[in-house]
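Chemist: Before I ask anything, let me first share the structure, which is written out below as structure tokens.
The values are calculated or read from the model by the stated rules, or taken from the named source; none is laboratory data. Keep in mind that what you see is a predicted model, and the values were worked out from it rather than measured. All Cβ positions, glycine included, derive from the backbone under ideal geometry; neighbour counts span all protein chains shown.
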Amino acid sequence: MPLRLLKYAISREHPAPRFFRDCVEPKKTYDVVIIGGGGHGLAAAYYLAKDYGITNVAVLEKGYIGGGNTGRNTTIIRSNYLTPEGVKFYDASVKIYEGLSEELDLNLFYSNRGHFTLAHTESAMRTMRWRAEVNKHVGVESYVVGPDEISKACPQLDISCSGQAPIIGALYHAPGSVARHDGVAWGYARGADQFGVEIFQNTEVTRIDVKGGKVCGVQTNNGYISTNKVLSAVAGFTPRITQMVDLQTPIVIHPLQACVTEPMKPWLDTILVSGSLHVYVSQSSRGELVMGSSLDPYEMHSTRSSLDFVEGLTSHITDMFPFLSNVKVVRQWAGMADLTPDFAPIMGKTPIEGFYLDAGWGTWGFKATPISGKTMAETIARDMAPDLIKSFRLSRFEDYELTGEKGAASVGH
Amino acid sequence: MKLLQCPVNGIRPLSEFSYGGEFRTMPDPDSCTDQQWAAYVHYRSGAPGYKKEWWYHMPSGTWFIAERNTITDKVSRTYLLPKMEVAV
Ligand SMILES: Cc1cc2nc3c(=O)[nH]c(=O)nc-3n(C[C@H](O)[C@H](O)[C@H](O)COP(=O)(O)OP(=O)(O)OC[C@H]3O[C@@H](n4cnc5c(N)ncnc54)[C@H](O)[C@@H]3O)c2cc1C
């Protein structure tokens with residue numbers, strides 16, 4: 001049997017299926033150039049082609065697709081935010097996610113788990129009630145529950161948190177889900193490729209040319225491309241790209257770390273988050289506990305991970321689940337989170353004609369991948385941002401019209 | 001364990017310090033435009049490089065400046081800011 005398998009693997013008649021064409025050299029010109037082959041850039045390419053028939057598009061990725069924050073995140077998908085504009089936006093994304101495996105014809109392991117944001121203090125409970133009311137108002141299923149309901153959903157959880165910080169309630173969010181992150185990138189890449197979009201890996205944009213306030217081309221390590229429309233969807237690299245076009249933004253980069261344990265039999269159905277203990281956890285379809293914490297405390301453009309992080313995280317997770325003290329952490333990593341002061345993204349047009357920005361995704365952008373792709377495609381095709389993302393425009397900072405999403409986004413996920 | 005040199009207390013573990021953001025000069029609120037003021041309040045130089053930053057040694061209550069490479073995390077220099085510069 002293994003020999004037959006090996007023969008099959010090397011046979012010319014059955015080449016390994018590829019997700020997208022191996023594009024090597026970009027053409028001289030494209031209608032749209034997308035910088036960044038993460039989920040957001042690839043989704044934008046897919047919807048440009050599918051919704052607007054714009055297929056003369058190049059996606060330029062300096063590494064490999066999904067190798068940025070898309071392949072580093074803890075895959076939590078939810079819409080239980082605090083501001084009505086946030087809740088509506090993320091809810092639209094959840095709705096696309098629910099049918100996305102079918103649409104892309106790829107199993108994204110989308111798994112609806114239910115999501116508890118645990119409250120250990122009265123003031124946290126207040127925020128939970130507030131979020132529940134805003135969510136219900138917009139039609140999103142979130143409500144406040146007491147310790148009994150939490151115990152019923154997760155009997156393994158020590159409600160007293162080892163006596164350190166007893167849980168007094170939670171915000172329950174029924175649509176909370178997880179999915180396979182790199183599958184999302186591959187699925188959108190394949191979909192875009194089938195429409196004719198060209199994807200170039202190992203292709204880094206090193207300069208963007210602007211003449212008379214308009215974009216006219218990009219220099220890459222793989223040749224020069226002229227174009228009138230450029231979308232920057234580079235998450236943790238955004239300040240480097242906006243510097244190329246002299247655009248000021250509030251974005252600062254802090255590392256965000258995560259880790260997984262060795263695989264276990266399935267025991268944790270739900271997604272649990274604790275702001276006070278700075279942890280969140282879910283169990284992947286492989287059986288690993290996927291765990292994350294808050295941001296590293298200072299600016300850094302690096303994906304190094306630290307012992308401080310695992311020490312802090314494991315001390316808190318064992319307050320919640322004392323029996324985990326015998327379980328090993330097998331991998332840890334970091335991504336570069338592009339943070340905004342109001343914990344909302346920056347999306348849409350910029351003062352430079354033809355330069356579009358999809359950034360400020362910080363610790364929360366994986367769940368937004370489908371809707372950001374769709375709305376950025378619309379913004380590029382019509383040269384006008386749809387209503388759903390108007391409050392995320394870059395000019396909100398100069399207008400002092402910030403959104404206030406901190407209460408729902410302070411623990412990264 | 002990461003270490004940082006406090007100009008007053010010498011080398012101490014990083015956990016004793018708190019980050020205060022990039023050192024920036026405030027425009028004159030009376031003479032600058034609204035746009036300049038908004039830029040000062042909200043915009044940051046997010047690109048990587050050597051930066052002059054505020055750091056705080058918590059146990060001793062000391063604010064000081066560190067010059068740090070934000071890609072390698074190497075600190076090249078730490079010092080107290082002369083009084084006149086603080087007033088700017
Ligand atoms: C540890 C961690 C946990 C997270 N957990 C969650 C979560 O649970 N739920 C959630 O919703 N979000 C989460 N996030 C946030 C989420 O991962 C990101 O917001 C999202 O993946 C951003 O996707 P993107 O496509 O915009 O960026 P990326 O996936 O980072 O893609 C950007 C791409 O641009 C490329 N690039 C950069 N510069 C250039 C250049 N000059 N030329 C060409 N290419 C370039 C990069 O190589 C990269 O591949 C988490 C993030 C981290 C780091």
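Chemist: Taking into account only those residues within segment A:273-316 that are more than 20 Å from the chain's Cα centre (by Cα) and hydroxyl-bearing (Ser, Thr, Tyr), which is nearest to the other protein chains (Cβ to nearest Cβ)?
Modeler: Going through the qualifying residues, I end up with A:Tyr298.
Chemist: Give me the pairs, please: first residue somewhere in segment B:34-49 and more than 7 Å from every other protein chain (Cβ to nearest Cβ), second residue anywhere and modelled with pLDDT of 95 or more, beta-carbon distance under 6 Å, and either six or more positions apart or on two chains.
Modeler: B:Gln36/B:Pro27; B:Tyr40/B:Pro27
Chemist: Taking only pairs six or more apart or across chains, which ones have beta-carbon atoms under 7 Å, a first residue in segment A:292-321 that is without any contact (Cβ under 8 Å) to a residue 24 or more places away in the chain, and a second residue that is outside any loop (DSSP other than H, G, I, E, B)?
Modeler: A:Thr314/A:Val329
Chemist: Pick from A:Asp338, A:Asp342: which is closer than 19 Å to A:Arg72 by Cβ and acidic (Asp, Glu)?
Modeler: A:Asp338 is the lone residue from the list that is closer than 19 Å to A:Arg72 by Cβ and acidic (Asp, Glu).
Chemist: In this structure, does B:Lys83 turn out to be at pLDDT below 95 and more than 24 Å from A:Asp342 (Cα to Cα)?
Modeler: yes
Chemist: Give, as residue ranges, the helices (runs of 4 or more DSSP H) completely inside segment A:1-114 that count at least 3 residues that are within 15 Å of the ligand (Cβ to nearest atom) and away from chain B (no Cβ under 14 Å).
Modeler: It comes to A:39-52, A:84-98.
Chemist: Ok, one more. Run down A:Phe397, A:Phe392 and say which single residue is surrounded by 17 or more Cβ atoms within 10 Å (Cβ to Cβ), away from chain B (no Cβ under 14 Å) and at pLDDT 95 or above.
Modeler: A:Phe392
Chemist: Report yes if A:Ala258 is crowded, with 20+ Cβ neighbours inside 10 Å, within 22 Å of A:Trp361 (Cβ to Cβ) and in the same structural domain as A:Ala377 (by TED's automatic domain parsing), otherwise no.
Modeler: In short, no.
Chemist: If B:Lys74 satisfies all but one of (1) within 14 Å of another protein chain (Cβ to nearest Cβ); (2) charged (D, E, K, R); (3) over 19 Å from A:Ser302 (Cα atoms); (4) loosely packed, with under 13 Cβ neighbours inside 10 Å, what's the number of the condition it fails?
Modeler: (3)
Chemist: Restrict the check to segment A:336-350 and report whether at least one residue is under 13 Å from A:Met291 (Cα atoms), within 11 Å of the ligand (Cβ to nearest atom) and either in a strand (DSSP E or B) or not hydroxyl-bearing (Ser, Thr, Tyr) (or both).
Modeler: no
Chemist: Among the numbered conditions (1) farther than 30 Å from A:Ile241 by Cα; (2) outside any loop (DSSP other than H, G, I, E, B), tell me where B:Pro59 comes up short.
Modeler: Condition (2) is where B:Pro59 drops out.
Chemist: Condition check: more than 14 Å from chain B (Cβ to nearest Cβ), more than 16 Å from the chain's Cα centre (by Cα) and surrounded by fewer than 20 Cβ atoms within 10 Å (Cβ to Cβ). Does A:Val327 satisfy that?
Modeler: Criteria met by A:Val327.
Chemist: Condition first: touching a strand residue (DSSP E or B) at 6+ places or on another chain (Cβ under 8 Å), among the polar types (S, T, N, Q) and within 12 Å of chain A (Cβ to nearest Cβ). Now tell me which residues in segment B:1-33 satisfy that.
Modeler: B:Ser18
Chemist: Related question: Name the residues in segment A:274-304 that are over 28 Å from B:Pro48 (Cβ atoms), surrounded by fewer than 21 Cβ atoms within 10 Å (Cβ to Cβ) and within 14 Å of the ligand (Cβ to nearest atom), would you?
Modeler: A:Ser284
Chemist: Pairs needed: first member in segment A:170-190, over 14 Å from A:Phe20 (Cβ atoms); second member anywhere, crowded, with 23+ Cβ neighbours inside 10 Å and charged (D, E, K, R); C-beta distance under 7 Å; at least 6 residues apart or different chains.
Modeler: Every condition considered, the pairs that remain are A:Leu171/A:Arg131; A:His173/A:Arg78; A:Pro175/A:Arg78; A:Gly176/A:Arg78.
Chemist: Only residues that are assigned to a loop (DSSP other than H, G, I, E, B) and either within 13 Å of chain B (Cβ to nearest Cβ) or more than 7 Å from the ligand (Cβ to nearest atom) (or both): list them for segment A:351-369, please.
Modeler: Matches in segment A:351-369: A:Pro351, A:Ile352, A:Gly354, A:Gly360, A:Gly362.
Chemist: For B:Phe64, are the conditions met, namely being touching a strand residue (DSSP E or B) at 6+ places or on another chain (Cβ under 7 Å), away from chain A (no Cβ under 12 Å) and within 23 Å of A:Phe397 (Cα to Cα)?
Modeler: Taking the combined requirement at face value, the residue does not satisfy it.
Chemist: Let me ask something else about it. Considering segment A:226-259 alone, what residues qualify as being more than 8 Å from the ligand (Cβ to nearest atom), within 19 Å of the chain's Cα centre (by Cα) and of a type in the set (A, V, I, L, M)?
Modeler: A:Leu231, A:Ile251, A:Val252, A:Ile253
Chemist: Let me ask something additional. Report yes if A:Lys211 is away from the ligand (no atom under 13 Å from the Cβ) and closer than 20 Å to A:Gly39 by Cα, otherwise no.
Modeler: The answer is no for A:Lys211.
Chemist: Still on this structure: Here is a list: A:Val197, A:Val218, A:Val205. Which entry is among the β-branched types (Val, Ile, Thr) and within 30 Å of A:Glu102 (Cα to Cα)?
Modeler: Only one candidate passes the filter, namely A:Val197.
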